[in-house]
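FYI, it's all coordinate maths here, none of it is from the lab. Not measured: the values here are computed from a predicted model. Here the Cβ positions follow ideal geometry from the backbone for every residue, glycine too, while neighbour counts run over all protein chains shown.
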C-alpha cells in the first residue's frame with residue numbers, strides 16, 4: 001500500500017545506532033532511526049533509502065525537547081522527533 005503520510009513511533013532501545021551509542025541527533029542516527037522504524041512497520045518501501053539535505057532545529061530555543069530533524073530521501077521527506085518519554089516518532093511525507 002502506498003501512503004501520502006505515515007507515522008511510526010518506536011523506542012531508542014529498539015534501534016541499533018552506529019557505534020552502539022545513545023540517540024544523539026547526528027545524521028547517522030537519524031538515518032538509522034528512520035530505516036529501522038520503517039523495517040519494523042507495515043510501511044512498504046525499498047531499503048536502504050538515499051538520504052540528503054538533513055537539518056536539525058530546536059523549534060523553541062533552550063527547550064531541547066522541541067528538536068525536530070528534517071531529512072529528504074528518494075521516496076519522500078521525513079520529520080523525526082523525540083518525546084520526553086524517549087519515544088522517537090518518524091513522520092514520512094510523500095513527494096508530490
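Within segment 77-91, if we keep just the residues that are without any contact (Cβ under 8 Å) to a residue 24 or more places away in the chain and part of a strand (DSSP E or B), the residue that is farthest from the chain's Cα centre (by Cα) turns out to be 77.
On the phi > 0 side of the Ramachandran plot and surrounded by fewer than 13 Cβ atoms within 10 Å (Cβ to Cβ): does that describe residue 24? Steps first, please.
Values: on the phi > 0 side of the Ramachandran plot: no; surrounded by fewer than 13 Cβ atoms within 10 Å (Cβ to Cβ): yes.
The answer is no for residue 24.
Within segment 40-67, the set of residues being surrounded by 12 or more Cβ atoms within 10 Å (Cβ to Cβ), within 13 Å of the chain's Cα centre (by Cα) and outside any loop (DSSP other than H, G, I, E, B) comprises 51, 54, 56, 67.
The residue pairs whose first member lies in segment 42-71 and is on the phi > 0 side of the Ramachandran plot, whose second member is part of a strand (DSSP E or B) and surrounded by 15 or more Cβ atoms within 10 Å (Cβ to Cβ), and whose beta carbons are closer than 6 Å, counting only pairs six or more residues apart or on different chains, are 53/72. Within segment 74-91, if we keep just the residues that are closer than 15 Å to residue 49 by Cα and in contact with a helix residue (DSSP H, G or I) (Cβ under 8 Å, 6 or more places away or on another chain), the residue that is surrounded by the most Cβ atoms within 10 Å (Cβ to Cβ) turns out to be 78.
Every condition in (1) over 22 Å from residue 53 (Cα atoms); (2) touching a residue at least 12 places away in the same chain (Cβ under 8 Å); (3) over 10 Å from the mean Cα position of the chain (by Cα) holds for residue 18 except the one numbered (1). For segment 1-13, a residue qualifies if it is surrounded by fewer than 12 Cβ atoms within 10 Å (Cβ to Cβ) and part of a helix (DSSP H, G or I), and exactly one does: 13.
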